[in-house]
Amino acid sequence: VQLQASGGGLVRAGGSLTLSCAVSGRTFRQYAMGWFRQAPGKEREFVGGISWSGGSTLYADSVKGRFTVSRDNAKNTVYLQMNSLKPEDTAVYFCAADRSMAPTALAVRYNYWGQGTLVTVSS
């Protein structure tokens, strides 16, 4: 399984950005998917996740109400829609796949990771 994240870039505070994560392999729909981020000098943190069916989502408190995780199993792709971006959202964003049905905030549970895409929010 390979994950390829894309869509990062520079955006002004208050703006929006959508990240995509394309997943190779025919078993994409068997994985819960998660998004994590890592800011300079900080540890990687959970952002949001979605169940294998798309019926259940989970978010960090810091992004709840601003970010939305969705998936298209026909396209083997998971998305992270980010609205009302803040400078503190600046980080490298990673997508990850977990061989279970429900999303989790625990990074150790995820089996596969993408390479990350940089999001920079200017004030």
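The values are calculated or read from the model by the stated rules, or taken from the named source; none is laboratory data. Bear in mind that the values here come from a model prediction, so they are computed numbers and not experimental data. Glycine also receives a Cβ, built like all others from the backbone with ideal geometry; neighbour counts cover every protein chain displayed. What goes into the accessible areas is simple: the full protein's heavy atoms, side chains included, and nothing from ligands, DNA or RNA. Shrake-Rupley method; radii C 1.70, N 1.55, O 1.52, S 1.80 Å.
Descriptive notes on the structure:
- Strands (runs of 3 or more DSSP E) contained entirely in region 35-86, each with at least 2 residues that are out of contact with any Gly (no Cβ under 9 Å at 6 or more places or on another chain): 77-82
- Yes/no for G55 being under 15 Å from P103 (Cα atoms), among the small types (G, A, S) and open to solvent by 40 Å² or more (accessible area, probe 1.4 Å): yes
- Note on region 11-30: residues that are at pLDDT 95 or above and part of a loop (DSSP other than H, G, I, E, B) total 4.
- Residue that is most open to solvent (accessible area, probe 1.4 Å), among those in region 14-34 that are within 17 Å of W113 (Cα to Cα) and of a type in the set (S, T, N, Q): Q30
- Neighbours by Cβ (under 8 Å, 6+ apart or cross-chain): first from region 1-13, open to solvent by less than 100 Å² (accessible area, probe 1.4 Å); second among the basic types (K, R) and not in a strand (DSSP E or B): A13/K86
- Residues located in region 67-102, provided they are modelled with pLDDT of 95 or more, small (G, A, S) and touching a strand residue (DSSP E or B) at 6+ places or on another chain (Cβ under 8 Å): S70, A91, A96, A97
Conditions (1) within 17 Å of V11 (Cβ to Cβ); (2) open to solvent by 60 Å² or more (accessible area, probe 1.4 Å), marked per residue:
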site: P40; (1), (2): no, yes
site: G49; (1), (2): no, no
site: N73; (1), (2): no, no
site: M82; (1), (2): yes, no
site: P103; (1), (2): no, no
site: L106; (1), (2): no, yes
site: N111; (1), (2): no, yes
site: V119; (1), (2): yes, no
